[in-house]
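Q: I am attaching a structure below and will ask some questions about it afterwards.
Derivation of every value follows stated rules applied to the coordinates shown; laboratory data play no part. Bear in mind that the values here come from a model prediction, so they are computed numbers and not experimental data. Here the Cβ is made from the backbone with ideal geometry for all residues, glycine too, and neighbour counts use every protein chain on show.
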């Protein structure tokens, strides 16, 4: 596994590929996420690969360019465009992408919601599989995001693995976020005994120390290893045990008031060094 810079996940926006490469090199990241929108505008997408490889970096993942969760026509239009983006991703050698599912609904009960997600995501996974790209699905763990909703949906390891099994494509897997692993009360064996070969992308952060686990709020997090609430050592060692070889990106959902992009990257890099060392 490697320390990955995902600019959007740490609030760095409107940066070019060249700027992202510079940030990664300056602050000790081994990989970066692929900005497919920018790369798709190049006359030769492999120019992006040459830049990244020439800098000694590797690709992390790219954002799934499909809005599957809302309007059906939007989903169909995105699905029609997906082969082009998947082809570019394959051409540059970025073979991981991910999406997220919401843990509750006011309209669909569990079975109806499962059927909806299979209908929408299986075709997406099939297209990606044809290009050798893995699709990680992220479950959302905090109880606070299910509170007050009529119907609970997938929000833990059991649920996400069940959804993957029903979708059934060989490339389907999990975006495993340490925050959601913690808030879903998951365990080490959930990773070591159930997720080998199924983890596509990893996100890490920490949790505020002044809230109980069931009171944690998804958008109020901390930098990796900042509070020690999340058992980062167990989480990272479990990933090492299953030989996870992909990107590990910080997603602290916290403001970096008054910091420029370089200062944010430097701050995140230091926290990432701490958590990556725990995999040893």
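Q: With each run of n ≥ 4 DSSP H residues scored as -39500 (n - 2.57), what mean residue ellipticity at 222 nm is computed for the chain after dividing by its residue count and rounding to the nearest 500 deg cm²/dmol?
A: -12500 deg cm²/dmol
Q: Do you know the relative contact order of the range 92-221, to the nearest whole percent, from alpha carbon pairs under 8 angstrom that are 6+ apart?
A: Across the range 92-221, relative contact order equals 30 percent.
Q: While we're on this one: Give me the Debye-computed log₁₀ of I(q)/I(0) at q = 0.13, 0.14, 0.16 Å⁻¹ for the range 67-144, equal point scatterers on Cα only, no solvent, two decimals.
A: Per q value, in the given order, log10 I(q)/I(0) is -0.45, -0.51, -0.65.
Q: A follow-up question, please. Within a 10 angstrom radius of the beta carbon, how do 213, 191 rank from fewest other beta carbons to most?
A: Taking fewest neighbouring Cβ atoms as first place, the list is 213, 191.
Q: So if I take the alpha carbon set of the range 2-84, get Rg, then get Rh from the Kirkwood formula, what is the Rg over Rh ratio?
A: Reported Rg/Rh, Kirkwood definition of Rh: 1.03.
Q: So what is the relative contact order for the chain, in percent, with contacts set as C-alpha pairs under 8 Å and at least six apart?
A: Relative contact order, the chain: 20 percent.
Q: Also, quick follow-up: Normalised by the number of residues in the range 161-244, what is the relative contact order in percent for Cα pairs under 8 Å and 6+ residues apart?
A: Values: 96 pairs, mean separation 27.5, N = 84.
Computed value for the range 161-244: 33 percent relative contact order.
Q: Quick check: Cα centre of the range 22-77 to Cα centre of the range 221-262, how many Å?
A: One Cα centre to the other: 21 Å.
Q: GNM, the chain, Cα, under 10 Å: largest mean-square fluctuation among 243, 14, 113?
A: Of 243, 14, 113, the Gaussian network model singles out 14 as fluctuating most.
Q: If R0 is 25 Å, what FRET efficiency do you get for residue 257 and residue 209 from their C-beta distance, rounded to 0.05?
A: On the way: r = 20 Å, r/R0 = 0.82.
Approximately 0.75, to the nearest 0.05.
Q: What are the equivalent ellipsoid semi-axes of the range 1-159, built from the alpha-carbon gyration tensor (square roots of five times its eigenvalues), in whole angstrom, biggest first?
A: Values: eigenvalues 199, 74, 32 Å².
The three semi-axes for the range 1-159 are 32, 19, 13 Å.
Q: Here's something else I'd like to know. Which length gain, in nm to one decimal place, applies between residue 219 and residue 73 when the Cα-Cα distance is subtracted from 0.36 nm times their residue separation?
A: Gain in length upon complete extension: 49.6 nm.
Q: Using only alpha-carbon positions, what ratio does the radius of gyration of the range 104-202 give when scaled by 2.2 N^0.38 Å? Mind showing how you got there, number by number?
A: Numbers: Rg = 13.5 Å, N = 99, 2.2 N^0.38 = 12.6 Å.
So the Cα radius of gyration is 1.07 times the expected 2.2 N^0.38 Å.
Q: With the radius of gyration and the Kirkwood radius both derived from the Cα set of the chain, what is their ratio Rg to Rh?
A: Working: Rg = 18.2 Å, Rh = 19.2 Å.
With Rh from the inverse mean 1/r over Cα pairs, Rg/Rh is 0.95.
Q: In what sequence, highest mean first, do 137-146, 81-90, 199-208 appear when ranked by Cβ atoms within 10 angstrom?
A: So the peptides 137-146, 81-90, 199-208, ranked by packing, come out 199-208, 137-146, 81-90.
Q: Out of the DSSP beta bridges found with both residues in the chain, what percent are antiparallel (nearest 5)? Kindly include the intermediate steps, with their values, before the conclusion.
A: Details: 3 of 28 bridges.
If we restrict to bridges inside the chain, about 10 percent are antiparallel.
Q: Distance in nm between label sites at residue 19 and residue 233, each 7 Å beyond Cα in the beta-carbon direction?
A: 4.0 nm
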